[in-house]
Amino acid sequence: MILFAVSRDYPDPTPSLEALLQALRSLGAEAGHRIWTETPIEAFAAADLVLPLCCWDYHADPQRFAAWIDALARRGTRLVNDAAVLRWNLRKTYLLEMAATGLAVPKTVHLPHVNVEAIAAGMRREGWDSAILKPVSGQSGYGVQKLDLDNRSTWRLDGHGGEALLQEFQSDIGALGETTLTFIDGEFSHAVRRRLKPGEWRANLQFGATPEAFDPSPEVVAAARLYLGAAPRPPVYARVDGLARADGFMLMELELIEPYLYFEFVPGRAERLARALISRL
């Protein structure tokens, strides 16, 4: 049994997950889905493979999600991606590791203690008029804020668990949109570009972004693939999200836990991941 973990707010398969479930079943594999917060850990532990592809509420309690990963790993459950990869990707401080190796990411500062003074001091030190504040563990744009230094009296800093990341604002994201590239076992599968709602800076669907099939250049694919090597182990599935500029590709986030893979945009591509999973049974 291949079991997908889903969230309470989204218990039914999305079009992308439904395509993957159908691909698995057409290849003779047994596959299902359960709500991770409401299902006994033993039910997941009994599966042959467990994928957290639809755990879209872990941002509400990252510690609980990390404990869930650890509990399955202790029971010998085969997690995909690997437990070490999931733990590493759970904290966006991986961006600092990537920057240290020379990979292109927005300039990022880790704030151990979030307060107005620390943020303002960091922005002044870096010379930023605008910056993005995001939780160290988060997803889908929850808790992410754009802060303008001149308007610091209006900042609301709740929900960051005492720490956060402060990033240089990428002012061209509205014009460029965000390019997402899906890789299966390190090989490029397909890409989608998310066009932002006019006046918006967030590339998430709940903020009005519109996904569309996209054919990236070989140079963009090659640049995106480089980020996979930063993970502690090779991921089975990965979505590389970033800005495809004329002078190169910049990563915004590397999604190795619960990326929406847009299989409904590219018929037949779900079978690639299905075969990769079946090969691990």
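Every read-out reported here was derived from the displayed coordinates using simple, explicitly stated rules and does not represent laboratory data. Only a predicted model underlies this, so the values are computations on that prediction, with no experimental measurement involved. Because the Cβ atoms are built from the backbone with ideal geometry, glycine has one as well, and the counts that use them run over all protein chains shown.
Values computed for the structure shown
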item	result
Helical mean residue ellipticity (222 nm; -39500 (n - 2.57) per DSSP H run of 4+; nearest 500) of the chain	-7500 deg cm²/dmol
Cα gyration tensor category, rounded, prolate or oblate, for the range 2-81 with a/c compared to 1.5	oblate
Cα centroid separation, the range 183-250 to the range 61-81 (Å)	26 Å
With Cα atoms, 0 to 90° folded angle of helix 116-126 axis to the chain main axis	80 degrees
Angstrom value of the Kirkwood radius, inverse mean 1/r, which spans all Cα pairs in the chain	19.6 Å
Rounded, prolate or oblate (a/c below 1.5 giving rounded, otherwise prolate when a/b exceeds b/c) for the range 139-215 by Cα gyration tensor	prolate
Between helix 62-74 and the chain: long-axis angle, C-alpha atoms, 0 to 90°, nearest 10	30 degrees
Unit charges on C-beta of K, R, D, E only; dipole of the chain, Debye	340 debye
Packing rank of 4-13, 174-183, where each peptide gets the mean count of other beta carbons within 10 Å, highest leading	174-183, 4-13
Dipole of the range 24-182, positive direction: furthest Cα of L111, A47, W36, with charges on the beta-carbon	A47
Fluctuation leader among G28, G186, G162 - the chain, Gaussian network, Cα springs under 10 angstrom	G28
Rounded Å value of the spacing that divides the Cα centres of the range 3-42 and the range 258-281	13 Å
Farthest toward positive dipole pole in the chain [+1 Lys/Arg, -1 Asp/Glu at C-beta], among T154, T179, Y227	Y227
Inter-label distance for E117 and R64, nm, one decimal - labels placed 7 Å from Cα along Cα-to-Cβ	3.5 nm
